[in-house]
Amino acid sequence: IKMMLALIPTINYQEVCDVLMQCGKHGADQEMERCVPVLAAYMANVDRAKTLTMPRKAILNSLRHEALSDMDYAYNLGKEYLFKESPELKAMIEKMDDKGIISGDKTKRPRVGTEEWFAMEILETLAILRNRIKRRDLDMSRNLPSFRILLVCAEEFEDYRDDVRQKLVMSGCTQVDIVLGHLRNPSLEQLLTFHSVLVWSNANFHEPESLGDVLADAADEGVGIVLCAYSLKANDEKMCVGGRLRLQYLPVSLGFIEGGQELTLKPNSRQLEQYPKCKPLLEGVTDLSGGPESMHLTIERKHGVMNTVQVADWSNRAPAVVAHLPYGKRKASIIVWNCRPGSSDVSAHGWRSGGHGQRLMFNMLRFATASPTEAKCQV
């Protein structure tokens with residue numbers, strides 16, 4: 001590897017990419033960092049929409065290019081190519097672990113020197129690099145004085161999404177990104193670059209079961225999860241988060257939509273006395289109305305579940321804020337906010353703006369994460 005690096009930048013981009021692959025496989029992190037800018041200088045502009053219609057060689061070259069700018073896209077592109085060209089490899093690829101090593105009978109791998117073999121080599125390397133980059137970015141991000149939030153919402157109304165985002169930015173969040181949950185799910189690698197995730201639905205999730213799985217994985221790694229209405233709606237498998245989050249980590253039962261009267265938030269003094277560590281959730285929150293309609297769900301706290309705290313109630317005694325504190329291998333908290341996250345500025349069903357809804361959202365997202373942050377609420 002060192003001998004080949006001595007030739008940079010006289011060697012062409014394909015040879016640099018080969019070196020990059022070997023660096024990834026052998027743990028040569030410093031050498032890998034030197035390869036990246038050289039490869040970038042040779043990177044061509046690739047029309048992704050036309051990639052799968054290109055000749056097979058062009059597909060492999062596209063896979064190499066995309067690996068630099070979008071690791072997830074390159075990985076998925078490589079899988080699509082292999083599934084299409086060699087369907088018999090599907091079972092083997094799906095067994096690939098976090099380290100990029102494919103389990104099972106190695107003799108079933110593609111014949112050495114074929115395009116399928118080369119694509120498999122790239123795919124395996126991408127898995128290794130994805131995992132390395134994920135860990136590195138997570139470690140770096142946790143040391144930055146910032147507070148990054150991801151909104152995962154099955155919400156088709158742009159003004160509603162923007163209202164939630166703007167409220168969080170005004171509250172002191174340094175970065176607020178949005179994933180449209182009715183179109184796709186975020187990847188674990190993407191989730192791990194944020195402190196916390198705010199989840200809600202007003203339409204069907206794209207894949208609610210796999211969404212619940214990846215959110216649970218993120219919570220295990222320290223990413224806080226805050227669930228809002230109607231992501232826990234009963235008798236609606238598409239609007240409700242499923243998977244491992246629902247089966248293992250949910251602190252409340254599912255509920256039906258209810259509203260029609262104005263409700264106010266009341267601290268649950270008894271629970272807060274028992275769990276004083278949860279008091280920061282309501283810090284500065286003294287006036288919060290659910291609005292004229294106060295849309296919420298008829299959820300109930302699950303009794304007998306370790307580390308579950310009913311922090312606040314609505315004035316009709318329905319749970320308003322329920323926290324499932326870290327337990328077992330899960331490093332972050334799961335918090336249920338029994339309310340729609342948008343304010344009355346954009347919806348008659350939203351919490352009344354002018355109250356402390358912004359501050360409560362900020363508090364919940366900051367409390368839920370296991371990653372330290374110096375961010376302070378600005379409202």
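Observations on the model:
- Surface share of carbon and sulfur [accessible, 1.4 angstrom probe, percent] for the stretch 212-284: 47
- Cα lying deepest toward the dipole's positive end in the stretch 201-321, options Leu263, Cys228, Pro292, charges on Cβ: Leu263
- Solvent-accessible area per residue for the stretch 143-203 (1.4 angstrom probe, square angstrom): 37
- For Phe157, the solvent-accessible surface with a 1.4 Å probe is about 120 Å², rounded to the nearest 10.
- In this structure Arg184 has an accessible area near 110 Å², from a 1.4 Å probe over the protein heavy atoms.
- Summarised in one figure, the compactness ratio Rg/Rh of the stretch 193-269, Cα atoms and Kirkwood Rh, is 1.00.
- Accessible surface, per residue, of the stretch 228-379 when the full set of protein chains is kept, probe 1.4 Å, Å²: 44
- Solvent-accessible area of Met170 with every protein chain in place, 1.4 Å probe, in Å² to the nearest 10: 110
- Counted by Cβ distance under 13 Å from Val164, the other residues give a net charge of -3, where Lys and Arg count +1 and Asp and Glu count -1.
- Using the Cβ-Cβ distance between Glu158 and Tyr327 with R0 set to 51 Å, the FRET efficiency from 1/(1 + (r/R0)^6) comes to roughly 0.85.
- Rounded FRET efficiency, nearest 0.05, which uses the C-beta distance separating Glu300 from Glu273 and R0 of 35 Å: 0.95
- Volume per residue of the convex hull around the Cα atoms, evaluated for the stretch 334-379, comes out as 72 Å³.
- The Cα atoms of the stretch 202-322 give a gyration tensor whose axes a ≥ b ≥ c have a/c of 1.5 or more with a/b no greater than b/c, which makes the shape oblate.
- Square roots of five times the Cα gyration tensor eigenvalues for the stretch 238-379, Å: 23, 19, 15
- At 1.306 mPa s and 10 °C, Stokes D of the stretch 134-284 from Kirkwood alpha-carbon radius, µm² per second: 96
- Pairs spanning more than 32 Å between alpha-carbon atoms, out of Lys233/Lys329; Lys79/Lys376; Lys238/Lys279; Lys329/Lys376; Lys167/Lys266: Lys79/Lys376; Lys238/Lys279.
- Under Karplus coefficients 6.51, -1.76 and 1.60, residue-wise ³J(HN,Hα) of the stretch 327-343 in Hz, glycine/proline x: 7, x, 7, 7, 8, 9, 8, 10, 10, 9, 10, 7, 6, 6, x, x, 8
- Sequence of Lys277, Lys302 from largest to smallest accessible area, 1.4 Å probe: Lys277, Lys302
The values are calculated or read from the model by the stated rules, or taken from the named source; none is laboratory data. None of the values given here were measured: they were computed from a predicted structure. Neighbour counts run over all protein chains shown; Cβ positions are idealised from the backbone, glycine included. Heads up: the accessible areas ignore ligands, DNA and RNA and are worked out on the full protein's heavy atoms, side chains in. Shrake-Rupley method; radii C 1.70, N 1.55, O 1.52, S 1.80 Å.
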